[in-house]
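Engineer: Okay, here's the structure, questions in a sec.
The values are calculated or read from the model by the stated rules, or taken from the named source; none is laboratory data. Here the structure is a predicted model, which is why all the values come from computation and not from measurement. Every residue, glycine as well, gets a Cβ built from its backbone with ideal geometry; the counts of neighbours run over all protein chains shown. With ligands, DNA and RNA removed, areas are computed over all heavy atoms of the protein, side chains included. Shrake-Rupley method; radii C 1.70, N 1.55, O 1.52, S 1.80 Å.
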Amino acid sequence: MSEPKAYSYIRLSTPEQKKGDSERRQLENARDYAKEKGLELDTTYKDEGKSGFSGAHKEEGALGRFLDLVKADKITEGSMLIVENLDRLGRQEPLDASDNIKKILRAGIKLVILDRYRTREITEESIKNNPGEFQYLAGEIE
């Protein structure tokens, strides 16, 4: 398989978000983070107008395509998925949202959350070693 890569996921639910600076900010922050870690941002998966509440972003959107690639082992273990906030991955019921996260982490992909107050790098191993990371995830998806 190829070398680990960095991917970003951007979700804009409303036309108002498209008019603002959200997309540019998310992409620029993901690029900067990947560069800082010595990786080039390979692909940006973007969902415009896909609800995080209904799961449309997972069922028929770019997040679903990324998860399909994860399931098919087409995303190299050790790669990272960069998101601005955990809620970009979904605002579904907590158990549904946690399924997305588990699929990513169990495939050996690092989930990077570029929260404006603290960047978090979450892996399956980091959750095993620090249960506080799981509590953070659980609190963010409730």
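Engineer: Karplus couplings for the range 36-45 from phi (6.51 cos²θ - 1.76 cosθ + 1.60, θ = phi - 60°), rounded to Hz, Gly and Pro as x?
Structural biologist: Along the range 36-45, the couplings run 4, 8, x, 10, 8, 6, 6, 9, 10, 9 Hz.
Engineer: From the phi of every residue in the range 64-81, what ³J(HN,Hα) in whole Hz does the Karplus formula 6.51 cos²θ - 1.76 cosθ + 1.60 yield, where θ is phi - 60° and glycine or proline is x?
Structural biologist: Running phi through 6.51 cos²θ - 1.76 cosθ + 1.60 with θ = phi - 60° gives x, 5, 4, 4, 5, 5, 4, 4, 7, 6, 9, 9, 5, 4, x, 6, 10, 10 Hz.
Engineer: Keeping all protein chains in place and using 1.4 angstrom, which order do D73, D99 fall into by accessible surface area, from largest down? Mind showing how you got there, number by number?
Structural biologist: Details: D73 100, D99 55 Å².
Largest accessible area first, the list is D73, D99.
Engineer: Which residues' amide hydrogens lie under 5 Å from the amide hydrogen of R11, considering only partners 5 or more residues apart or on another chain, with H built in the peptide plane?
Structural biologist: D47
Engineer: If the chain between D68 and D115 were fully stretched, how many nm would it gain, using 0.36 nm times the residue separation less the Cα-Cα distance? Please report the intermediate quantities before stating the final value.
Structural biologist: Values: separation 47, 0.36 × 47 = 16.92 nm, distance 2.58 nm.
Stretched fully, the D68-D115 segment lengthens by 14.3 nm.
Engineer: Oh, and also: I need the peptides 100-106, 111-117, 3-9 ranked by packing, meaning the mean over residues of other C-beta atoms within 10 angstrom, with the highest value on top. Let's see the in-between values first.
Structural biologist: Numbers: 100-106: 17.4, 111-117: 15.6, 3-9: 19.7.
So the peptides 100-106, 111-117, 3-9, ranked by packing, come out 3-9, 100-106, 111-117.
Engineer: Going down the list K35/K71; K35/K74; K5/K102; K35/K128, which pairs span over 24 Å between their C-alpha atoms? Walk me through the numbers on the way to the answer.
Structural biologist: Numbers: K35/K71 26 Å; K35/K74 22 Å; K5/K102 19 Å; K35/K128 27 Å.
K35/K71; K35/K128, as the Cα separations exceed 24 Å there.
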